[in-house]
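Structure, as structure tokens:
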Amino acid sequence: MFSDSQAALQRASEDHLGPGQAITSDIITTAQGLTEKGIKVILQWVPSHIGIEGNERADKIAKEAASKPMPPSIDRYSSFSYTMRQIKAQKRTEIKEWIYKTTYKEGKKRNRTYSLTNALEIDPQLSMIRKPLAKRFYQLKLGHAITASYLYRIQRLDKQNCWWCNAAKQDIDHLLFECRHWRAQRRTLYGDLRRRGVTTPRYSEERPKNRLFNTPRAVEPILDFLNTTKIGLGPNGDEEEEEGSRLDRWDLDRLENESIEN
Ligand SMILES: [Zn+2]
């Protein structure tokens, strides 16, 4: 990659916070993708573009980019700047895209430029969406989710029937794989899983939950599913709010690693 801007080359090679970080992140991700395909990527400073193939095209693209409205500075997303700092691999970028997709769904219906402006206004909600969601993911994964069967065990409820469909026992497996109340959302989940090449639960399968929650490709579909249901929240749906806001970064970091490792 040739450039006559030493500053730009320097910036593109360091994934630190500050102006240009989103672009840097994209460049590094793209470079990693190429490297994985065996293509060596070298950033090379040249005195000027003149006489180098691709110059005209680069100029044209630069002009187009300059005429577009500026995307919001990465600094303004301070609520997840710590996550952005860690975005190095493609998998992380996928998570980031999922968060954008989920958070900015509203703005996305309008045109692109408009949605970027809107993103700033929606920003404060971001942590509200993410924190409890990550927490629910972990509670379900580790078997510590709020279910009727759990509340019954700790004597907070006098029966363990499902408060949505009245099935005899509401445990985690019931909520994830059986509860009729979340049928439509589950259909979407299974569709998403299939599209990603993840086998959907079979009747003969003993622990589909463990398999799914440990499959990196299944993490996003599961998060989408949880986001559209109240599974893992208490009977009133808001029981977890207070707890959720106390969730620290640690869970979110783990969630990101979850989709990379294993
Ligand atoms: Zn149910």
Counting other C-beta atoms within 10 Å, and keeping those with at most 10, which DSSP coil trypsin sites (Lys or Arg not before Pro) do you find in region 148-209? Arg202
Taking the Cβ of Tyr152 as the centre, find all other residues whose Cβ is under 13 Å away and add up their charges (Lys, Arg: +1; Asp, Glu: -1). +2
So who's got an amide H within less than 5 Å of the one on Lys169, skipping anything under 5 residues away but keeping other chains? H placed 1.01 Å off N, in plane. Cys162
In nm, give the distance between the simple-model label positions of Arg194 and Lys63, each being 7 Å from the Cα along the Cα-to-Cβ direction. 4.9 nm
Output wanted: per-residue J couplings in Hz (rounded whole) for region 209-219, from phi through Karplus 6.51 cos²θ - 1.76 cosθ + 1.60, θ = phi - 60°, x for Gly and Pro. 4, 4, 5, 5, 5, 9, 9, x, 5, 8, 4
Show me, for region 141-148, the HN-Hα J-couplings you get by feeding each phi into the Karplus relation (A = 6.51, B = -1.76, C = 1.60, θ = phi - 60°), rounded to Hz, glycine and proline as x. 4, 8, x, 10, 6, 7, 10, 4
27 Å Cα-Cα threshold exceeded, pairs from Lys37/Lys141; Lys40/Lys68; Lys37/Lys68; Lys135/Lys159; Lys37/Lys135: Lys37/Lys141; Lys40/Lys68; Lys37/Lys68; Lys37/Lys135
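Only the coordinates and a few stated rules stand behind these numbers; no lab work does. Since this is a predicted model, take the numbers as computed values, not measurements. Neighbour counts run over all protein chains shown; Cβ positions are idealised from the backbone, glycine included.
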